[in-house]
Structure formats: C-alpha cells, structure tokens
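Structure first, then comments.
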Amino acid sequence: MTKPGGTLTRQRVLEAALQLIDQEGLEGFSMRKLGAMLGVEAMSLYNHVESKRALFDGVIELLITQEPYPEQPDATPREELWTFAHAFRDILRAHPRVLPLVATSPLRTPETLVMLDRLLATVQRAQITGVQAIYALQCLVGFIVGHTWIEIGSQSVAGLEPGPNGPMVWRQFPAERYPTLHALLPEIAQWNPDDEFDFGLQALFQCLFA
C-alpha cells in the first residue's frame, strides 16, 4: 500500500500508478488521484514522468521487469519462449485492469526494448528471421494477451460483473437447434484455462518451430 510522504522517484510514481489502476481501472485513473495517493500536487508528478502517456509506458515497463525474464543459457528457443509466455501470463493475471493498456501500447522505454530485443534474438535462434521474426513474436504476445483477456478480461471493464460460465449459459438454448454444442457440454464443463493456454501455445509453437 502506497503511503503519502517520503522522497518521490519515478519508481515510486510508477508503483503507485499501477496500484491505482489495480484499484480503479484505467477509467478511474487520473493524475490528480495519483498525486493525492502520493501526497503531492498532480503537477509534481511531471518532474518524474513527461506525460500521462509516458507514465503508462512506465507502468508497462514495471509489469514486464517486475519478474525478470530468466536467463536460460542451455534452453532451446521453444523452451525459452514457453517460460516467457507463462511468466508474462502470470503477471497479466495479477493485474487484469492493466490488460487494455498492455494490449494497445507498443513497447517504448529503454528497459522494455531490452526485453523486446532479447525475445527477438530468441526467435531468430529458431531460424525465424527478418520481418517474420516480428510476426512470430507479435503472434505469441497477441495470444498471451488475448487469452488472458478472454479468461479474466471482465475484471478490466468498469461495471461489468463476470457472468456464469459457458455451459451454464448455453444450456438455456434449445438442443435441437445447437446439437453439436449441447453434445459437447459435458466436456466443456471440464474446461480449464491453464490447459487451454498450454494447448494453444503448443499449437502456435508447432507452426513456429515446424
């Protein structure tokens, strides 16, 4: 919990901003509220971040660097990207209200570009080069962010309560009109987000590392 007072630094501002977004979502965020959380006037924040956009870029940086991408000198590219995918997913699941920001913001700070550079080098070690290395990494990150958003994204939308799960909803509709769906309902009831994530990741990797 951020407390007012103490020396204000960029790191402290970013940590408080992440906390505020976790609490109120992007729609409830303002520089005025952030200043109040830190016990300063909103204008004081611009001594540490150039703009609100730069602040949000820093929040993404904080997310990505809070759990460093582990060094795996003996790992294959597939193993290394598998580790990254699960670590990144865990971070996003811990901060669901930041998902829209992550989904719509390119990496722009020096620290996040270090991560991007390393990931691209890993992709290139799998003999995926040129613009296709960018395509491959974009597909991977898009899958991670998209799957996480589908799984828990309702938490990131103001005023939207999570609804009943798929089988509970689909049972309301007539089986004679949707016979294939109804036949699969017992299987769908066993749906597990972790298993689905791994299934999708394996399918993506089969294409990338064929």
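The simple spin-label model puts a point 7 Å past each Cα toward its Cβ; for L120 and N192 those points are separated by 3.8 nm. Counted residue by residue at 0.36 nm each, then reduced by the alpha carbon distance between them, the extension gain from R10 to S30 reaches 5.5 nm.
With label points built 7 Å along Cα→Cβ from the Cα atoms of Q202 and A175, find their separation and express it in nm. With each label point 7 Å from Cα toward Cβ, the separation is 3.1 nm. Taking only alpha carbon atoms, the range 10-49 gives an Rg to Rh ratio of 0.93, where Rh is the Kirkwood radius. If R0 equals 30 Å, the separation of the Cβ atoms of K52 and Q132 corresponds to a calculated FRET efficiency of about 0.30.
Helix 52-66 and the longest principal axis of the C-alpha atoms of the chain enclose an angle of approximately 60°. Peptides 192-199, 110-117 ranked from most to least packed give 110-117, 192-199, packing being the mean of other C-beta atoms within 10 angstrom over each peptide's residues.
Between H86 and A210, the simple label model (points 7 Å from Cα in the Cβ direction) yields a spacing of 2.6 nm. How large is the translational diffusion coefficient of the chain in µm² per second when you combine the Kirkwood radius over alpha carbon pairs with Stokes-Einstein at 10 °C and 1.306 mPa s? D, rounded to a whole number, is 81 µm²/s. The orientation-averaged shadow of the Cα convex hull for the range 1-117, equal to a quarter of the hull surface, comes to 7.7 nm².
Springs between Cα atoms under 10 Å define the GNM used for the chain, and in it the highest mean-square fluctuation of Q19, Q72, Q190 occurs at Q190.
A Förster distance of 30 Å, applied to the separation of the beta-carbon atoms of Q66 and A183, puts the FRET efficiency at 0.10. Applying 0.36 nm per residue to the separation of I150 and D22 and subtracting their alpha-carbon distance, the gain on full extension is 44.3 nm.
Every read-out reported here was derived from the displayed coordinates using simple, explicitly stated rules and does not represent laboratory data. Remember, it's a predicted structure, so these values are computed and weren't measured experimentally. Note that each Cβ is placed from the backbone with ideal geometry, even for glycine, and that neighbours are counted across all protein chains shown.
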